[in-house]
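S.K.: Provided herewith is a single structure, encoded as structure tokens, for subsequent inquiry.
The values are calculated or read from the model by the stated rules, or taken from the named source; none is laboratory data. Predicted model only: the values in this text are computed from it and were never measured. No Cβ is skipped: glycine too gets one built from the backbone with ideal geometry, and neighbour counts run over all protein chains shown. Only protein heavy atoms, including side chains, enter the accessible area calculation; ligands, DNA and RNA are left aside. Shrake-Rupley method; radii C 1.70, N 1.55, O 1.52, S 1.80 Å.
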Amino acid sequence: MDFQLSDDQRALRAGIRDLLAGRFGRDRMRAAHDGEGGVDRALWAELGAAGFFALRLPEAAGGVGLGLPESVLLFEGLGWALLPGPLAATELTAATVEGAAHGEAVVALAEAGQPVAHLADADALLVLAGDRASVLTGGALRRAVAEAHPVRSLDPGTPLWRPADLSGYADEGDPVPGDGARLRREGALLTAAEQLGSAARSLDEAVQHARHREQFGAPIGSFQAVKHLCADMLVRAGTARAAVYAAAVTADPAEIAGAKLLADEAAVHNARDCLQVQGGMGFTWEADVHLRLKRAWLRAGQWLAAADAEEALAAGLGRPARVGARCTHVTRPTPGLHAPE
């Protein structure tokens, strides 16, 4: 099996990065975080028109017809850009919620015991209760919003709401094809990809600053302490990328749990090390790294928090190996990062 990106996948990743740089540059990103953190409906519609949320829908249903590995590349780019909004929940319900595939609807995520991000902006609410998954719309959604109350969010780009007991709402919602466990795994993987993009962005900013910032007549990147920080950031990002890409191919629950743990660690620690490389400037509101650090902390508790990921990983590692299982080399017409057939 070839885990290198194909030419098409490299073009997809580069295209996503270019599109987001043009539509969601630094000025627009700072404006989104300096405001109330709501979803930018115009930008959401632009992303929908570009096929972001319909990436995995069949072409016959108006989608792009790609797979989970391509979605991971997309979400890696979204994490690089620090785009706010309930991206994973909207992508996962693109085939269920009317308008979600085309950026006309925003779908928030609700799980028991967790605050709901962007509830005030939601046109639908994906409710995960154990292995059950349902979508709230219409009157049930309006009641859920009316009974919720806002709570202070660590991340200025992610407003949070504390809902009432969701057990009653789950019965009122429309069931989502598949099961809640699968949606939770895929949401965790897409969130891990966002964390990966954030970790890579922190590494890039730290290296650029270390190259150009001078102290004692030399770039600070020539100092051993700064070199070590940047090297550690590179290792974290590289390890997380390998784990996230592999989990996108296998969709194995244990590998997804491991990828989420590694990506969370890379996003948080790379942002903290980037802040250290930037020194006193890194501690100011004007530096973007504090936004990535706060978003990374918040994402680490979403979809699959550390304690649950550790349990899933331990359970997966404890499974006995399949009798007669063997490795085979997979040859494909177009080599690249592909899910097994």
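S.K.: Looking only at residues that are touching a helix residue (DSSP H, G or I) at 6+ places or on another chain (Cβ under 9 Å) and over 30 Å from Arg30 (Cβ atoms) in segment 144-164, which one is modelled with the lowest pLDDT?
M.R.: Among those residues, the one meeting the criterion is Ala164.
S.K.: Can you name the residue in segment 210-232 that is not in a helix (DSSP H, G or I) and not charged (D, E, K, R) and, of all such residues, is nearest to Gly279 (Cα to Cα)?
M.R.: Gln215
S.K.: Just one of the numbered conditions (1) more than 24 Å from Gln302 (Cβ to Cβ); (2) in contact (Cβ under 8 Å) with a residue 12 or more places away in the chain is not true of Ile256; which one?
M.R.: So Ile256 meets the others, but not (1).
S.K.: Working carefully through the options Val235, Val207, find the one that is assigned to a helix (DSSP H, G or I) and more than 16 Å from Leu262 (Cα to Cα).
M.R.: Criteria check complete, one pass: Val207.
S.K.: Looking at segment 100-149, which of its residues are assigned to a loop (DSSP other than H, G, I, E, B) and more than 20 Å from Leu78 (Cα to Cα)?
M.R.: Passing the criteria: Ala112, Gly113, Gln114, Pro115, Asp123, Gly130, Asp131, Thr137, Ala148.
S.K.: So, Gly37, is that one more than 20 Å from Ala120 (Cβ to Cβ) and either modelled with pLDDT of 90 or more or outside any helix (DSSP H, G or I) (or both) or not?
M.R.: no
S.K.: May I pose another question? What residue, of Ala49, Ala120, Ala61, Ala108, is open to solvent by less than 40 Å² (accessible area, probe 1.4 Å) and either of a type in the set (Gly, Ala, Ser) or out of contact with any His (no Cβ under 6 Å at 6 or more places or on another chain) (or both)?
M.R.: Among Ala49, Ala120, Ala61, Ala108, only Ala108 is open to solvent by less than 40 Å² (accessible area, probe 1.4 Å) and either of a type in the set (Gly, Ala, Ser) or out of contact with any His (no Cβ under 6 Å at 6 or more places or on another chain) (or both).
S.K.: Select, from Gly173, Gly180, Gly187, Gly217, the only residue that is farther than 27 Å from Asp264 by Cβ and touching a strand residue (DSSP E or B) at 6+ places or on another chain (Cβ under 8 Å).
M.R.: Step by step, each of Gly173, Gly180, Gly187, Gly217 is checked, and only Gly173 is farther than 27 Å from Asp264 by Cβ and touching a strand residue (DSSP E or B) at 6+ places or on another chain (Cβ under 8 Å).
S.K.: Hey, among Leu125, Leu141, Leu196, which residue is out of contact with any Lys or Arg (no Cβ under 7 Å at 6 or more places or on another chain), touching a residue at least 40 places away in the same chain (Cβ under 8 Å) and open to solvent by less than 30 Å² (accessible area, probe 1.4 Å)?
M.R.: Leu125
S.K.: Of everything in segment 5-26, what is touching a Leu at 6+ places or on another chain (Cβ under 6 Å) and among the charged types (D, E, K, R)? Give them in sequence order.
M.R.: The one that is touching a Leu at 6+ places or on another chain (Cβ under 6 Å) and among the charged types (D, E, K, R): Arg13.
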